[in-house]
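Visitor: Take this structure first; my questions come after.
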Amino acid sequence: MIPITRLALGEEEASAAADVVRSGWLMNGPRVEAFERAVAGYVGAGHAVAVSSATTALHLGLVAAGVRPGDEVVCPSYSFIATANAIRYAGATPAFVDVDPDTYNIDPALVEAAITERTTAIMPVSQIGLPADLPPILELAARRGLAVVEDAAPSLGAAIGGKRLGALSDITAFSFDARKILTTGEGGMLTTDDPDVAARLRMLRAHGATVSTADRDRAAKVILETYPEVGFNYKMTDIQGAIGAVQMTKIDAVVTERRRLADRYASLLADEPRVRIPFEPVGFQHVYQSYAVRLQSGRAQEEVMQAMMERGVATRRIFSIHHQPAYTGGGVQVPDLPHTDAAEREVILLPMFVGLTDAEQDEVVEALVACL
């Protein structure tokens, strides 16, 4: 079976993790701090704050942005369910907006109509490695006094006009789970240029403590922390931080290889009219966390996915959150989302990972064409 992803981890990561175990310090500490510095420097943000997952990153980002129970947050429905779940964790309600049919990211032209007197934030999703169209969203948010908490979980390394995600929105969340650009097994990261927001994020991830355990351990005198607000236990371990720091040394090569594989998929599928290949707007850098193709053969998505599985090729899809049982009803008002619904029916994700061989890629394309 050719999997949807395959981990690209080696002896460097194993050695880094073993060093942490031998050090006797496993919790959030110096390796996490090194990982944070690497991510902040790479994306061009003033601060990076590591947490246990991208979902907890989104939750903390919303809380730090001032989202409160009863508020609304504008977001797409065509995304992983964590996008809307994090909004619910903050006590707010997602206000779903349709996507652009070419990029599958939130359509900026539809965002303002979704804003109400209860709206306090916009959560664009930079989906499957392609940046959302952030400039008009950021301009609208500034004009309406709203925060932008970007869900860039799968898109570390993506850029607009040469500026990487993580240095554009007020707060940006990245993921390091097994299917993302880089991995620490689980884990997430928040980036921001606001030092006060960064300081609050660090407090919130550690139960609201004013001083971290690592800082108390390094201090020359006793420090008694206080807890001015209720926080969460969303810390990343130093084992994950050590693996992440090693992974960050490879990111340029990872992005280059993913883009090469995407170009090769595009060449292999160039003459196949029953498939639409991904779209990359001018000035945008796609990092292809997933390779999304749109089926135009008339055969049902699930039938194609099942037929490809039987040929030994794994695929995935992106669903519409508003169609999931957790979000049908319960006070979430959903407008017509025709492009979201169409993408849910027609788009599938092909295997995409560093280490995918030319022979495997040929096999994926042969299976896809045969199953259309």
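The values are calculated or read from the model by the stated rules, or taken from the named source; none is laboratory data. Quick caveat, the model's predicted, so the values are computed rather than measured. For neighbour counting, all protein chains shown are included, and Cβ atoms are generated from backbone atoms with ideal geometry for every residue, glycine included.
Visitor: Conditions: (1) among the charged types (D, E, K, R); (2) buried (at least 22 other Cβ atoms within 10 Å of the Cβ); (3) in contact (Cβ under 8 Å) with a residue 60 or more places away in the chain. Residue 150 meets all but one. Number of the miss?
Guide: (3)
Visitor: Could you look through the range 240-273, keep only residues that are under 20 Å from the mean Cα position of the chain (by Cα) and assigned to a loop (DSSP other than H, G, I, E, B), and pick out the one that is nearest to residue 41 (Cα to Cα)?
Guide: Looking at residues that are under 20 Å from the mean Cα position of the chain (by Cα) and assigned to a loop (DSSP other than H, G, I, E, B), I get 249.
Visitor: What are the pairs with Cβ atoms under 8 angstrom where one residue, in the range 359-372, is loosely packed, with under 13 Cβ neighbours inside 10 Å and the other, located anywhere, is not basic (Lys, Arg)? Sequence gap at least six, or different chains.
Guide: Pairs found: 362/268; 370/307.
Visitor: Any chance the range 310-321 includes a residue that's small (Gly, Ala, Ser) and under 25 Å from residue 114 (Cβ atoms)?
Guide: Checking the range 310-321: at least one residue is small (Gly, Ala, Ser) and under 25 Å from residue 114 (Cβ atoms).
Visitor: Do you know which residues across the range 136-154 are closer than 22 Å to residue 67 by Cβ and under 15 Å from the mean Cα position of the chain (by Cα)?
Guide: 148, 149, 150, 151, 152, 153
Visitor: Anything in the range 10-61 that is closer than 27 Å to residue 231 by Cα and either among the acidic types (Asp, Glu) or outside the structural domain of residue 90 (by TED's automatic domain parsing) (or both)? List them, or say none.
Guide: 33, 36
Visitor: Given 318, 348, which one is part of a loop (DSSP other than H, G, I, E, B) and on the phi < 0 side of the Ramachandran plot?
Guide: Residue meeting the stated conditions: 318.
Visitor: Name the residue, out of 260, 216, 205, that is among the charged types (D, E, K, R), closer than 18 Å to residue 175 by Cβ and either surrounded by fewer than 15 Cβ atoms within 10 Å (Cβ to Cβ) or in contact with a strand residue (DSSP E or B) (Cβ under 9 Å, 6 or more places away or on another chain) (or both).
Guide: Just one listed residue meets the conditions, 205.
Visitor: Right, something else. Within the range 1-37, how many residues are in a loop (DSSP other than H, G, I, E, B) and farther than 29 Å from residue 232 by Cα?
Guide: So the answer is 9.
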